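Participant: I'd like to ask you about the structure that follows.
The values are calculated or read from the model by the stated rules, or taken from the named source; none is laboratory data. Computed from a prediction, not measured in an experiment: that's the story for all the values here. In this analysis, Cβ positions are derived from the backbone assuming ideal geometry, glycine residues included, and neighbour counts consider all displayed protein chains. Just the protein is used for accessible areas: all its heavy atoms, side chains included, with ligands, DNA and RNA removed. Shrake-Rupley method; radii C 1.70, N 1.55, O 1.52, S 1.80 Å.
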Number of protein chains: 2
Amino acid sequence: MGRNSDAKERILNSAIELIHGRSYTDVGVKDLCDHAGVKKGSFYHFFDSKKALILEALDRHYAAFRKHLQQKVFLSQQRPLDRFESLNMSLYRGHKKCKDQNGEVWGCLLGNLTLEMSTRDKEIQEALMKHLSDLQAMIGQTIKDAIDAGDLPSVDVSLASEAVLAHYQGLQLLAKLRNDPEVLVRHRLDIRIIVEGIAQGQQESRNQLN
Amino acid sequence: MGRNSDAKERILNSAIELIHGRSYTDVGVKDLCDHAGVKKGSFYHFFDSKKALILEALDRHYAAFRKHLQQKVFLSQQRPLDRFESLNMSLYRGHKKCKDQNGEVWGCLLGNLTLEMSTRDKEIQEALMKHLSDLQAMIGQTIKDAIDAGDLPSVDVSLASEAVLAHYQGLQLLAKLRNDPEVLVRHRLDIRIIVEGIAQGQQESRNQLN
DNA sequence: AGGATAGTTGACCGGTCGGTCTAGTCAAGG
DNA sequence: CCTTGACTAGACCGACCGGTCAACTATCCT
């Protein structure tokens, strides 16, 4: 009943695009409406507040990002540890495309919002934590796959996956700072080094005990 | 001539404190003035704009941070590669103290501002780039020291130091996300693993060529 | 003593912020 | 066909934003 429209979709897409390129605080409801071709009345028909929008946009963005990674990286036929190099290259292509289109590397939306918002809004922080922990779990599964395939000695998976997630966030921060997507290429072997290094270190400390 | 006061100092300190805990955009000139116990007129007597303030505050903050690191970490008597573990613990103590005092981990001011501001203001981006590149150079010097001491095979110092800087930024991002300074402790051995791993990887690829 | 200078005060500015609200418009269901 | 209800339009709100300004006060130099 009543009319229907794709205005909500457009607002959600505009939110992801604009907030990724600027910041949550810097993008106003007016900006969102203009970019989505919508008036304020419609905005507040679909969303209770700007905050409700970012929460929904975040879920949608992460769902798409996760799906993309699953298909292109984590479920590929490569050996598990090789997938991380692919992940670097996949991120590289994303940042490169962003720079070609907008002249700027925007970095990781989740990382950007983490540093902007996690001391300012508990709910947003929790949403970011949920998504980044899910990403860490996907990384962890890949590490487990490597162990099962015999490519890696056993290792504390949650520690190693946390190190990997941190490294990716750091690389993307530097890519944004220097406006240079090539950071991801230069450091495409880092992740393998970290995972293997942590595993080896834990093996040695086990041997020392015996 | 004329009267003198420490108002400028107080404003600079307030800027570092408040912006570290919230964000550049979220902290208004009014907030700064209230926190520093100063009226708007005085603020604009000392600074042309909010942006001029952050630029000056950033220089001051980094100078103090750098001096602290030099004394406590980089010029210590430990073996070069052991200094990175000390750096982790030094950062840990800082974030722990911050959490005890404010209930929140605020992360790295330079990293926070990088993700918030580097697509929004070229001058601020350049200031951040300058300071973070200086930090990277200090890391690089420590890696060189390790090579000279015979503790590490020769390695592409700028690549390795970039990886180290990225990792520190990533660790601090996760510490802020999870409001947990212990991240720095859990990962205190990561840096050594990264530096040694990159060096070893480069050695192997040299051997392959021969 | 008395300029000259450095610092202080707080009212004021136009613009923008997130958010509200009332009056409409359009399309499907009965 | 006409009611119902989802959607749209845009004027409006008080609060706050960064920034300006003219009057004032304290201190140093001559």
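Participant: Restricting to segment A:39-61, what's the tally of residues that are away from chain B (no Cβ under 14 Å), more than 16 Å from DNA strand D (Cβ to nearest atom) and open to solvent by less than 60 Å² (accessible area, probe 1.4 Å)?
Facilitator: Residues meeting the conditions: 4.
Participant: Counting residues that are touching a helix residue (DSSP H, G or I) at 6+ places or on another chain (Cβ under 8 Å) and more than 13 Å from DNA strand C (Cβ to nearest atom), which helices (runs of 4 or more DSSP H) fully inside segment B:1-59 reach at least 1?
Facilitator: In segment B:1-59, the matching helices (runs of 4 or more DSSP H) lie at B:7-21, B:29-36.
Participant: When you check A:Phe65 against the structure, is it more than 14 Å from chain B (Cβ to nearest Cβ), among the aromatic types (Phe, Trp, Tyr), within 12 Å of DNA strand D (Cβ to nearest atom) and in a helix (DSSP H, G or I), yes or no?
Facilitator: no
Participant: What about A:Arg93, is it away from DNA strand D (no atom under 16 Å from the Cβ), in a helix (DSSP H, G or I) and more than 14 Å from chain B (Cβ to nearest Cβ)?
Facilitator: yes
Participant: Moving to a separate point now. If you scan segment A:16-32, which residues turn out to be within 15 Å of DNA strand D (Cβ to nearest atom), farther than 18 Å from B:Asp121 by Cα and either in contact (Cβ under 8 Å) with a residue 12 or more places away in the chain or crowded, with 20+ Cβ neighbours inside 10 Å (or both)?
Facilitator: Hits for segment A:16-32 are A:Val29, A:Asp31, A:Leu32.
Participant: For B:Gln78, state whether it is more than 14 Å from chain A (Cβ to nearest Cβ), more than 16 Å from DNA strand D (Cβ to nearest atom) and within 16 Å of the chain's Cα centre (by Cα).
Facilitator: On the way: more than 14 Å from chain A (Cβ to nearest Cβ): yes; more than 16 Å from DNA strand D (Cβ to nearest atom): yes; within 16 Å of the chain's Cα centre (by Cα): no.
So B:Gln78 does not fit the description; no.
Participant: Exactly one of these conditions fails for A:Arg83: (1) within 10 Å of DNA strand C (Cβ to nearest atom); (2) part of a helix (DSSP H, G or I). Give me its number.
Facilitator: The single condition A:Arg83 does not satisfy is (1).
Participant: Please give the number of the condition A:Val27 fails out of (1) at pLDDT 95 or above; (2) over 20 Å from A:Glu104 (Cα atoms).
Facilitator: (2)
Participant: Ok, one more. With respect to the numbered conditions (1) more than 9 Å from every other protein chain (Cβ to nearest Cβ); (2) crowded, with 17+ Cβ neighbours inside 10 Å; (3) of a type outside the set (Ser, Thr, Tyr), which one is the sole condition not fulfilled by B:Asp134?
Facilitator: Single failed check for B:Asp134: (2).
Participant: Which members of segment B:152-193 meet the condition of being of a type in the set (Ser, Thr, Tyr) and either more than 15 Å from the chain's Cα centre (by Cα) or under 23 Å from B:Asp100 (Cβ atoms) (or both)?
Facilitator: Initially, segment B:152-193 is screened for residues of a type in the set (Ser, Thr, Tyr), giving B:154, B:158, B:161, B:168.
Those that are of a type in the set (Ser, Thr, Tyr) and either more than 15 Å from the chain's Cα centre (by Cα) or under 23 Å from B:Asp100 (Cβ atoms) (or both): B:Ser154, B:Ser158, B:Tyr168.
Participant: As an exercise: evaluate A:Gln78 against (1) assigned to a loop (DSSP other than H, G, I, E, B); (2) open to solvent by 70 Å² or more (accessible area, probe 1.4 Å) and give the number of the one condition it does not meet.
Facilitator: (2)
Participant: List the number of the failed condition for B:Asp100; all other conditions in (1) within 16 Å of DNA strand D (Cβ to nearest atom); (2) of a type in the set (Asp, Glu); (3) more than 26 Å from B:Ile124 (Cα to Cα) hold.
Facilitator: (1)
Participant: Restricting attention to segment A:157-210, which residues are touching a residue at least 60 places away in the same chain (Cβ under 8 Å), β-branched (Val, Ile, Thr) and open to solvent by 10 Å² or more (accessible area, probe 1.4 Å)?
Facilitator: If the condition is that a residue be touching a residue at least 60 places away in the same chain (Cβ under 8 Å), β-branched (Val, Ile, Thr) and open to solvent by 10 Å² or more (accessible area, probe 1.4 Å), then A:Val185 is the only one that fits.
Participant: Would you check which residues across segment A:110-126 are crowded, with 21+ Cβ neighbours inside 10 Å and either over 21 Å from A:Leu18 (Cα atoms) or touching a residue at least 60 places away in the same chain (Cβ under 8 Å) (or both) and list them?
Facilitator: A:Gly111, A:Asn112, A:Leu113, A:Glu116, A:Met117, A:Thr119
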